[in-house]
Amino acid sequence: MELSWTSLLPSLLAIIFAIVTRRVLLALIGGILLANIILFWPSIQSMAQGIGWSSWSTLTDSSNMLVWFFTLGIGALFGVLEKGGTFKQFVQKLEQRQWVENKRRARMMTWVLGVVVFIESNVTIMIAGTTSRPLYDRLGISREKLAYIVDSTCAAICILIPLNAWGAFNLTLIAKQGVEEPLWVFIQSLGFSFYAIFAVLLALLVAWFDWNIGPMKAFERNAQPDRVSKHNWGEEGKSKPSYGKGTAVVLTSLLSLVVMVPVMLLITGNGVLVKGDGTLSVFIAIYTALAIAIVGTKWVRKTSLLTIIKAALQGAWNILPLAVILWLSITLGGLTRDMGTGEFLASILDGSIQVWMLLPLIFVLAALTGFSIGSSWGTFAIMLPLAIPIAMSLNLPLAPFIAAAISGGIFGDHASPISDTTIIASMASGTEHIDHVRTQLPYALLAGGASIVAFAITGAAIG
């Protein structure tokens, strides 16, 4: 079709509707409907056929099938570990082993846990938060400080070390935009993921030097030692149970997930890591870890296989909305490419907006979207299909544009009071949610401001 401003409307509708309603699914559906209306107007029959064909072809594409199954598989894995009880044993074992004797070591332990456990953001938060909280109480460190450190490392680390569902999710979105060697381009983008880098480094600075700004000063000043004088192990102070077997199940399954991804990348890439099949590698790694979790849980907990299967299905059901978001985002991305959205944006941006301004603008737009809808994944799904075609049309490097969209999504999600990771960080740390939001926001804004400057400098360099 002829390039026109109407090609912007489906993506703009998705962004605006997601911001106003905070419903990513409905926003993406609306974008798909509008795209087909624009493409096939005034033929109602063609519109209906276009909607059905674009959605069905995306759903049944052979490469996409792996994506749907590994997305559900990651939910099933953590469903088994959580409902089966081995994850609880793992956390309790970590609490039992605490050896930190001063505030700096306590804060650094939390930061290290946030970096090391990079499999899934909420898992990072749960492990780092629940493990550190009794120690922070004993030493007199505010729970708000704990919530900030765990929240600042979770999503950022999942992006910077993308051997997880985060990496596979974004890799799929990138590949569906027609990017050659998407894995290599994604790896290159990590070096431009300024917000993730700044957030992790700022959290490290705070952990080491106990740097307090804004409302955090008052909470740290008022924190009192020994808020919880003693941690009960078992019922009514009975003797400490052994959690060794449950811990072994969790560690083995998560370790297999970490190890299998690069191994499969090497196998599928004929010995070249960056040429491997990322989707297939993650798929095999997740289901290997799931098999280990099921067998290990049945062995350790003496739980019936039916109960374990129910836990896996419940976990998959809980993550099903994510699979649907991915499906719809791929469908909308294909339609926007058909409409020439990227080419049209490039035609109007070329000459009207300088190249150095594009990256900061993409970052800010992604940040506003992520803040408003409380979902970094939803923001990625909306922004990557916009950012990548712009870079392609202007013949500019893809990696900085991908990084700007992803960084903005992480920043918006990190600062948003309705983000699931923000809420879980408050819960895991045992602090009031609004207190966590207030104390974290100054740090997030500091890292966000530095990111805008970094993207402007990068834009000037590539322009």
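The values are calculated or read from the model by the stated rules, or taken from the named source; none is laboratory data. As the structure is a prediction and not an experimental result, all values here were calculated from the model. Positions of Cβ are generated from backbone atoms using ideal geometry, with glycine treated the same way; all protein chains shown enter the neighbour counts. Only protein heavy atoms, including side chains, enter the accessible area calculation; ligands, DNA and RNA are left aside. Shrake-Rupley method; radii C 1.70, N 1.55, O 1.52, S 1.80 Å.
Out of (1) at pLDDT 85 or above; (2) open to solvent by 10 Å² or more (accessible area, probe 1.4 Å); (3) assigned to a helix (DSSP H, G or I), what's the single condition that is false for Leu396?
The one condition Leu396 does not meet is (3).
Say we look at the range 35-50 and pick out the residues that are among the hydrophobic types (A, V, I, L, M, F, W, C) and open to solvent by less than 50 Å² (accessible area, probe 1.4 Å); which of these is farthest from the chain's Cα centre (by Cα)?
So, considering only residues that are among the hydrophobic types (A, V, I, L, M, F, W, C) and open to solvent by less than 50 Å² (accessible area, probe 1.4 Å), the one farthest from the chain's Cα centre (by Cα) is Met47.
Checking Trp99 against (1) open to solvent by 50 Å² or more (accessible area, probe 1.4 Å); (2) at pLDDT below 70; (3) under 21 Å from Thr421 (Cα atoms); (4) of a type in the set (A, V, I, L, M, F, W, C): exactly one of these is not met. Which one?
Unmet for Trp99, out of (1) open to solvent by 50 Å² or more (accessible area, probe 1.4 Å); (2) at pLDDT below 70; (3) under 21 Å from Thr421 (Cα atoms); (4) of a type in the set (A, V, I, L, M, F, W, C): (3).
Can you find even one residue in the range 406-429 that is among the charged types (D, E, K, R) and more than 19 Å from Thr153 (Cβ to Cβ)?
No, every residue in the range 406-429 fails to be among the charged types (D, E, K, R) and more than 19 Å from Thr153 (Cβ to Cβ).
Enumerate the pairs (first residue in the range 267-284 and within 19 Å of Leu173 (Cβ to Cβ); second residue anywhere and modelled with pLDDT of 70 or more and assigned to a loop (DSSP other than H, G, I, E, B)) with beta-carbon separation below 8 Å, excluding pairs fewer than 6 apart on the same chain, so at least 6 apart or on different chains.
Val274/Glu181; Gly276/Gly269; Asp277/Gly269
Looking for something open to solvent by 30 Å² or more (accessible area, probe 1.4 Å) and outside any helix (DSSP H, G or I) - is there at least one such residue anywhere in the range 453-460?
no
Tell me which of these Leu396 doesn't satisfy, since it passes every other one: (1) in contact with a Phe, Trp or Tyr (Cβ under 6 Å, 6 or more places away or on another chain); (2) farther than 30 Å from Gly129 by Cα.
Status for Leu396: all satisfied but (1).
Mind listing whichever residues of the range 130-163 are open to solvent by less than 10 Å² (accessible area, probe 1.4 Å), over 23 Å from Leu446 (Cα atoms) and modelled with pLDDT under 80?
Within the range 130-163, Thr131, Ser132, Leu135 meet the criteria.
Which residue pairs have Cβ atoms under 8 Å apart, sit 6 or more places apart or on different chains, and have a first residue in the range 33-56 that is farther than 22 Å from Lys176 by Cβ and a second that is at pLDDT below 85 and exposed (fewer than 12 other Cβ atoms within 10 Å of the Cβ)?
Listed pairs, sorted by first residue: Met47/Trp41.
Looking only at residues that are of a type in the set (A, V, I, L, M) and touching a helix residue (DSSP H, G or I) at 6+ places or on another chain (Cβ under 6 Å) in the range 424-440, which one is surrounded by the most Cβ atoms within 10 Å (Cβ to Cβ)?
It comes out as Ala425.
I need the full set of residues from the range 173-211 which are over 19 Å from the mean Cα position of the chain (by Cα), buried (at least 19 other Cβ atoms within 10 Å of the Cβ) and of a type outside the set (A, V, I, L, M, F, W, C), in order please.
Of everything in the range 173-211, just one residue is over 19 Å from the mean Cα position of the chain (by Cα), buried (at least 19 other Cβ atoms within 10 Å of the Cβ) and of a type outside the set (A, V, I, L, M, F, W, C), namely Gln177.
Counting just the residues of the range 443-463 that are of a type outside the set (A, V, I, L, M, F, W, C) and over 28 Å from Met216 (Cβ atoms), which one comes out farthest from the chain's Cα centre (by Cα)?
Checked the range 443-463; the qualifying residue farthest from the chain's Cα centre (by Cα) is Gly463.
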